[in-house]
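S.K.: First the structure, which I've put down as structure tokens, then a few questions once you've had a look.
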Amino acid sequence: MRVTRAKFGIIGIVLAAPLLLAAITAGAPRATLLPWPYFSPDEPEAPPVRTPAEALKTFSMPPGYRLELVASEPLVQDPILMEFDGDGRLWVVELPGWAHNESMDNSFDPVNRLVVLEDTNEDGVFDKRTVFLDKLVMPRAFKILANGCALVGEPPMLWKACDTDGDLVSDTKAPVADDFSRLGVLEHGANGLFWSMENRLIVSEHEWDLAYDKGRFTRVPGLRRGQWGVTQDDGGRVYRNVNTDPLFVDYVAPSYYTRNPDMVRTSGLYTSLVDQEKTNIWPAHPTLGLNRGYRRSVFRDDDTASYYGGVSSPLIYRGSTLPAELHGQALVADGATNIVHLLRVMDDGKGKLSAEDFYPKGEFLASTDVRFRPTALATGWDGAIYIADMYRGVSQDGPLQTDYLKDYIGKRGLAKGTGMGRIYRVVHDGMKPPARPTLTKAGSAELVATLSNPDGWWRDTAQQLLVQRADPASVPMLRKLVRSDADWRARLQALWTLDGMGAGTPDLVTLALGDREANIRVAGLRLAEPALGAGDAKITKAVLALGGDESWFVRRQMAATLGAMPADARLAPMLALLRAHGDDLIVADAAVSGLRGEEVRVLSALAQDPAPPAEAIVGLASAVAKRRDADTGGAVVAMAENPQLAASTRSALLDGLAMGLTGGAAQAGNSVAGGRAGGGIPGVSSRRGGASEQLALAAEPTTLAALAKGEGALAPAAGKVLALVTWPGRPAPPALPPRSASEEALFVQGRTLYVDNCSGCHQLSGQGMPQVGAPLAGSKRATASFDIPVRILTNGLEGKLGLMPPLGADMSDDDLAAILTYVRQSWGNTGTPVPPAAVKEWRLAFAHRTDPWSEDELAKPIK
């Protein structure tokens with residue numbers, strides 16, 4: 001073995017670890033699979049660090065599928081992201097700085113890198129490693145470009161790095177942006193850089209995407225969505241995920257919703273496809289080592305999680321060499337539970353996509369090894385599915401670990417054993433991969449022909465290369481493909497390729513608008529927008545003809561596209577579309593996105609109809625209310641007061657006003673149905689009634705006040721809006737919102753319990769006693785977030801006055817919640833009531849703890 005540089009700075013070397021040496025002659029090492037589905041109740045107290053050969057014995061897969069090891073340490077270390085280039089080489093981001101020590105801290109030293117793996121003898125195993133770019137600080141995204149270049153996200157920088165002499169080592173590094181996320185919590189940094197079919201590089205967890213235009217990357221506005229990974233289907237729809245929810249789809253592109261910052265709802269953007277209550281996972285071993293593993297009541301009797309612990313890297317399989325049943329289906333990695341989960345994506349034919357577990361019981365891939373941590377999935381040029389395994393005992397870095405998880409890891413020695421990594425390939429019996437690609441060297445004619453390939457990887461790679469080359473000779477070939485290819489997928493990608501090259505033409509747009517395939521008509525609408533904005537009569541006519549299209553996908557895009565028309569021209573077709581389909585949430589919100597400043601005009605027109613679409617009314621009214629403009633807001637309030645309008649219309653107006661003033665349609669928290677995962681406390685909301693800023697009206701809305709005091713059907717909605725508006729002379733709202741009936745019962749119960757258990761030290765007045773009990777009146781600690789007072793009462797506090805003993809050992813959750821509710825709302829304190837569910841959560845979270853808390857510990861944020 002020839003080594004030219006140290007282990008972490010390898011350039012163009014061939015490594016021959018013993019396991020890999022054997023593979024050179026025998027092909028990729030193959031897993032000896034366990035039965036499927038499989039579960040082992042035996043969980044070692046100190047799970048061992050396994051060699052690659054040992055790890056291959058820990059996997060279970062459905063019949064017919066096989067797992068092969070194609071790379072392992074030292075060839076690859078700590079892999080978190082990967083992508084194949086046009087010549088079949090695998091580019092991998094390595095992150096040894098993540099949770100790098102036994103404290104599981106992240107290192108912000110330049111110790112990470114982007115490497116390129118090659119299979120030089122074509123035996124199916126990578127044997128050569130080249131460091132393309134090293135000395136990176138916590139990189140989280142990259143994208144391979146043409147001509148030996150790559151975009152690399154290294155917060156806060158986004159770099160374009162290039163190899164100019166063909167040795168696969170970057171020679172240049174130029175800044176593209178200096179605000180690509182921030183250096184801090186890795187889990188919530190910008191990632192993705194996924195080249196979508198519309199030639200935009202989609203970024204998750206970030207406010208902008210990138211558009212490619214004639215060799216330059218320009219920012220386009222976006223909305224922060226997703227967490228780790230991006231994928232697309234054959235129609236170009238983008239999918240993402242977040243934390244414990246596996247799959248979301250964009251029916252409508254994010255850029256449309258940035259047109260109207262007053263929108264409250266963004267239906268159709270980042271829509272969850274998986275019903276939390278219906279999906280289940282089936283790990284192959286007990287999985288209590290999760291951040292919320294203390295919620296034992298939501299685990300199965302065998303101590304397995306039934307819900308995802310932390311998903312990443314969604315992948316829509318678009319290949320053709322694995323079984324046809326996989327095509328169009330979604331896979332997600334769940335490193336926290338050591339599985340790769342398969343979802344069946346379904347279209348109900350009425351505009352709704354959904355996803356369900358592909359297997360009623362059992363995983364696409366599950367390991368009994370707690371250190372199997374799949375971080376990224378990718379489809380290869382060969383149609384196989386590749387899995388990057390960071391191979392760590394830890395799946396959550398120290399800064400975001402709960403105290404429970406930190407204790408769990410420490411007792412089992414799971415922080416030990418870093419610097420490893422494996423990459424696996426999923427194949428199937430009878431699979432026949434194609435010849436290795438050489439697309440970076442292919443001519444334009446070959447790349448155009450590749451757009452007809454049945455595998456999405458080949459089409460996508462060819463499109464990206466063609467767009468970046470912008471060879472004029474390819475244009476007539478692409479135009480012919482759009483007009484004549486029998487496969488709609490080829491026609492679609494040829495359309496977007498021409499657009500990315502700046503070579504689209506009105507005749508092709510018109511052709512696309514009339515195509516028999518709905519996905520191409522959707523593309524036609526998007527590509528028609530510049531001509532619409534310019535008032536092109538022919539294209540405008542073709543676009544408007546799709547208002548009654550049979551496809552919901554087309555009608556929803558139509559609602560978004562009409563917003564590109566001149567302001568006066570768009571109102572009539574928008575009204576027609578809303579009257580016909582405005583009760584579809586996505587149509588309604590896509591339309592609102594293009595009606596900023598025109599909402600009241602459209603509302604006035606719709607409100608005169610006998611039965612206008614309620615969802616359109618709600619969406620429009622909420623945008624007006626969010627703006628909090630006295631004139632337009634007052635006009636909508638006046639509409640809601642008008643007895644001449646239908647009761648259903650007035651109800652929708654009131655609901656929209658309340659939604660806009662409270663932000664009621666904002667993204668939900670990260671809790672999961674049944675409390676099976678996530679950080680949210682089941683049954684507890686952090687939202688209280690009221691709004692941070694009320695709508696100031698010019699005068700008292702007397703009719704609205706009368707409605708609120710009445711007994712009619714509109715009274716509750718009117719009362720809610722009345723509490724969210726103000727007018728000259730209206731008294732200020734009380735410091736404490738009214739308690740609900742259940743909160744009042746807790747308060748009354750808490751008064752009695754406080755007198756019996758607490759007043760001896762803290763006095764009935766809450767003023768405390770010198771050297772005995774701290775004052776509770778005005779105490780910031782007593783009114784802090786729920787966890788702090790609960791922790792004090794359940795474990796005690798070693799403070800300035802000595803030890804406050806724990807009070808909660810013999811008290812129920814209800815009793816402790818009652819005492820805290822009384823304390824937080826007495827003597828001028830304005831803390832929120834404490835629900836029993838919150839007490840239960842924090843008692844469970846720290847059940848492993850026996851020592852009292854110190855003041856320093858309580859001052860640190862809790863996770």
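S.K.: Output the number of residues of the range 21-45 satisfying the condition of being part of a loop (DSSP other than H, G, I, E, B), modelled with pLDDT under 95 and of a type in the set (S, T, Y).
M.R.: Residues meeting the conditions: 1.
S.K.: Could you list, in sequence order, the residues of the range 187-231 that are farther than 23 Å from L315 by Cβ, among the acidic types (D, E) and out of contact with any Leu (no Cβ under 9 Å at 6 or more places or on another chain)?
M.R.: Across the range 187-231, the qualifying residue is only D213.
S.K.: Follow-up. For the range 324-363, how many residues meet the condition of being among the charged types (D, E, K, R) and closer than 23 Å to L33 by Cβ? Let's see the steps before the verdict.
M.R.: First, pick out the residues of the range 324-363 that are among the charged types (D, E, K, R): 325, 334, 344, 347-348, 350, 352, 356-357, 361, 363.
From the residues that got through so far, the ones that are closer than 23 Å to L33 by Cβ too are 325, 334, 344, 357, 361, 363.
Number of matching residues: 6.
S.K.: Give me the pairs, please: first residue somewhere in the range 264-283 and farther than 30 Å from K361 by Cα, second residue anywhere and among the acidic types (D, E) and open to solvent by less than 20 Å² (accessible area, probe 1.4 Å), beta-carbon distance under 7 Å, and either six or more positions apart or on two chains.
M.R.: R265/D589; T266/D589; S267/D589; G268/D589; L269/D250
S.K.: Just to check your reading of the model, which residue among L820, L844 is surrounded by fewer than 23 Cβ atoms within 10 Å (Cβ to Cβ) and either among the acidic types (D, E) or touching a residue at least 40 places away in the same chain (Cβ under 8 Å) (or both)? Quick ask: steps written out before the conclusion?
M.R.: Details: L820 fails: surrounded by fewer than 23 Cβ atoms within 10 Å (Cβ to Cβ).
Testing whether each residue is surrounded by fewer than 23 Cβ atoms within 10 Å (Cβ to Cβ) and either among the acidic types (D, E) or touching a residue at least 40 places away in the same chain (Cβ under 8 Å) (or both) leaves just L844.
S.K.: Can I ask one more? Filtering the range 613-635 down to residues that are over 7 Å from G656 (Cβ atoms) and β-branched (V, I, T), which residue is surrounded by the most Cβ atoms within 10 Å (Cβ to Cβ)?
M.R.: Among those that are over 7 Å from G656 (Cβ atoms) and β-branched (V, I, T), it is V624.
S.K.: List the helices (runs of 4 or more DSSP H) that sit entirely inside the range 553-642 and contain at least 1 residues that are over 30 Å from R516 (Cβ atoms) and touching a residue at least 40 places away in the same chain (Cβ under 8 Å). Reasoning before the result, please.
M.R.: On the way: elements: 567-581, 585-593, 599-607, 614-627, 630-641.
Where helices (runs of 4 or more DSSP H) fall fully within the range 553-642 and carry at least 1 residues being over 30 Å from R516 (Cβ atoms) and touching a residue at least 40 places away in the same chain (Cβ under 8 Å), they are 585-593, 599-607, 614-627, 630-641.
S.K.: Can you confirm whether the range 756-765 contains a residue that is surrounded by 16 or more Cβ atoms within 10 Å (Cβ to Cβ) and among the charged types (D, E, K, R)?
M.R.: So far as the range 756-765 goes, no, none of its residues is surrounded by 16 or more Cβ atoms within 10 Å (Cβ to Cβ) and among the charged types (D, E, K, R).
S.K.: Given the options F248, F217, name the one that is under 23 Å from K352 (Cα atoms), out of contact with any helix residue (DSSP H, G or I) (no Cβ under 7 Å at 6 or more places or on another chain) and surrounded by fewer than 24 Cβ atoms within 10 Å (Cβ to Cβ).
M.R.: Values: F217 fails: under 23 Å from K352 (Cα atoms).
Selected residue: F248, the only one of F248, F217 that is under 23 Å from K352 (Cα atoms), out of contact with any helix residue (DSSP H, G or I) (no Cβ under 7 Å at 6 or more places or on another chain) and surrounded by fewer than 24 Cβ atoms within 10 Å (Cβ to Cβ).
S.K.: A further question on this structure: Name every residue in the range 145-177 that is touching a residue at least 24 places away in the same chain (Cβ under 8 Å), among the β-branched types (V, I, T), outside any loop (DSSP other than H, G, I, E, B) and surrounded by fewer than 19 Cβ atoms within 10 Å (Cβ to Cβ), in order of residue number.
M.R.: Residue satisfying the conditions is V176 alone.
S.K.: List the residue pairs whose Cβ atoms are under 9 Å apart, where the first residue sits in the range 728-743 and is among the polar types (S, T, N, Q), the second is surrounded by 11 or more Cβ atoms within 10 Å (Cβ to Cβ), and the two are 6 or more positions apart or on different chains.
M.R.: Correct list of pairs: S740/P833; S742/P833; S742/P835.
S.K.: Also, I was wondering about something else. If only one of A211, A141 is within 25 Å of A253 (Cα to Cα) and touching a Gly at 6+ places or on another chain (Cβ under 6 Å), which one is it? First the steps, then the outcome.
M.R.: On the way: A211 fails: touching a Gly at 6+ places or on another chain (Cβ under 6 Å).
Going through A211, A141 in turn, the sole match is A141.
S.K.: Against the condition more than 13 Å from S367 (Cα to Cα), out of contact with any His (no Cβ under 9 Å at 6 or more places or on another chain), among the acidic types (D, E) and surrounded by fewer than 23 Cβ atoms within 10 Å (Cβ to Cβ), how does E45 come out, does it pass?
M.R.: The answer is yes for E45.
S.K.: Just checking: which of the helices (runs of 4 or more DSSP H) contained wholly in the range 449-539 hold 3 or more residues that are open to solvent by less than 50 Å² (accessible area, probe 1.4 Å) and more than 26 Å from F84 (Cα to Cα)?
M.R.: So the answer is 506-513, 518-527, 529-533.
S.K.: Okay, next question. So for the range 281-294 (the condition being open to solvent by 20 Å² or more (accessible area, probe 1.4 Å) and within 17 Å of the chain's Cα centre (by Cα)), does at least one residue qualify?
M.R.: no
S.K.: Do you know which residues across the range 578-603 are of a type in the set (A, V, I, L, M), more than 14 Å from V252 (Cβ to Cβ) and within 31 Å of the chain's Cα centre (by Cα)?
M.R.: Keep residues of the range 578-603 that are of a type in the set (A, V, I, L, M), which gives 578, 580, 585-588, 590-592, 595, 600, 602-603.
Remaining after also requiring more than 14 Å from V252 (Cβ to Cβ): 578, 580, 595, 600, 602-603.
Result: L578, L595.
Residues are listed down the side, and each one gets a yes or a no for (1) more than 18 Å from Q396 (Cα to Cα); (2) in contact with a helix residue (DSSP H, G or I) (Cβ under 9 Å, 6 or more places away or on another chain); (3) at pLDDT 95 or above:
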{"position": "T258", "(1), (2), (3)": "yes, yes, no"}
{"position": "N291", "(1), (2), (3)": "no, yes, no"}
{"position": "R296", "(1), (2), (3)": "yes, yes, no"}
{"position": "P314", "(1), (2), (3)": "yes, no, yes"}
{"position": "L326", "(1), (2), (3)": "yes, no, yes"}
{"position": "Y359", "(1), (2), (3)": "yes, no, yes"}
{"position": "T368", "(1), (2), (3)": "yes, no, yes"}
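For every residue, the table says whether it meets (1) under 14 Å from the mean Cα position of the chain (by Cα); (2) open to solvent by 20 Å² or more (accessible area, probe 1.4 Å).
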residue	(1), (2)
D179	no, yes
R182	no, yes
N191	yes, no
L201	no, no
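S.K.: Kindly indicate the residue of the range 102-117 that is surrounded by fewer than 18 Cβ atoms within 10 Å (Cβ to Cβ) and not small (G, A, S) and also nearest to M82 (Cα to Cα) among those meeting that condition. I'd like the intermediate steps shown before the answer.
M.R.: As a first pass, look at the range 102-117 and keep what is surrounded by fewer than 18 Cβ atoms within 10 Å (Cβ to Cβ): 102-103, 105, 107-110.
Now narrow it down to the ones that are not small (G, A, S): 102, 105, 108-110.
Numbers: E102: 27, D105: 24, F108: 21, D109: 22, P110: 20 Å.
Top of the filtered list is P110.
S.K.: Considering only residues that are of a type outside the set (S, T, Y), more than 38 Å from the chain's Cα centre (by Cα) and assigned to a loop (DSSP other than H, G, I, E, B), look in the range 805-828 and name the one that is farthest from D756 (Cα to Cα).
M.R.: Top of the filtered list is G828.
S.K.: Read through the list (1) more than 35 Å from the chain's Cα centre (by Cα); (2) of a type in the set (A, V, I, L, M); (3) not in a loop (DSSP other than H, G, I, E, B), then give the number of the only condition that A435 fails.
M.R.: It is condition (3) that A435 fails.
S.K.: A follow-up question, please. R50: open to solvent by less than 80 Å² (accessible area, probe 1.4 Å), at pLDDT 95 or above and in a strand (DSSP E or B), yes or no? Full working, then the answer.
M.R.: Numbers: open to solvent by less than 80 Å² (accessible area, probe 1.4 Å): yes; at pLDDT 95 or above: yes; in a strand (DSSP E or B): no.
No.
S.K.: Only one of these conditions is not met by L223: (1) of a type outside the set (D, E, K, R); (2) surrounded by 21 or more Cβ atoms within 10 Å (Cβ to Cβ); (3) without any contact (Cβ under 8 Å) to a residue 60 or more places away in the chain. Which number is it?
M.R.: Among (1) of a type outside the set (D, E, K, R); (2) surrounded by 21 or more Cβ atoms within 10 Å (Cβ to Cβ); (3) without any contact (Cβ under 8 Å) to a residue 60 or more places away in the chain, the lone unmet condition for L223 is (2).
S.K.: Looking at the structure I just gave you, is G443 crowded, with 23+ Cβ neighbours inside 10 Å and not hydrophobic (A, V, I, L, M, F, W, C)?
M.R.: Criteria not met by G443.
The values are calculated or read from the model by the stated rules, or taken from the named source; none is laboratory data. These numbers come from a predicted model, not from an experiment. Cβ atoms come from the backbone with ideal geometry, glycine included; neighbour counts cover every protein chain shown. Accessible surface is based on the protein model in full, side chains and every heavy atom, while ligands, DNA and RNA are left aside. Shrake-Rupley method; radii C 1.70, N 1.55, O 1.52, S 1.80 Å.
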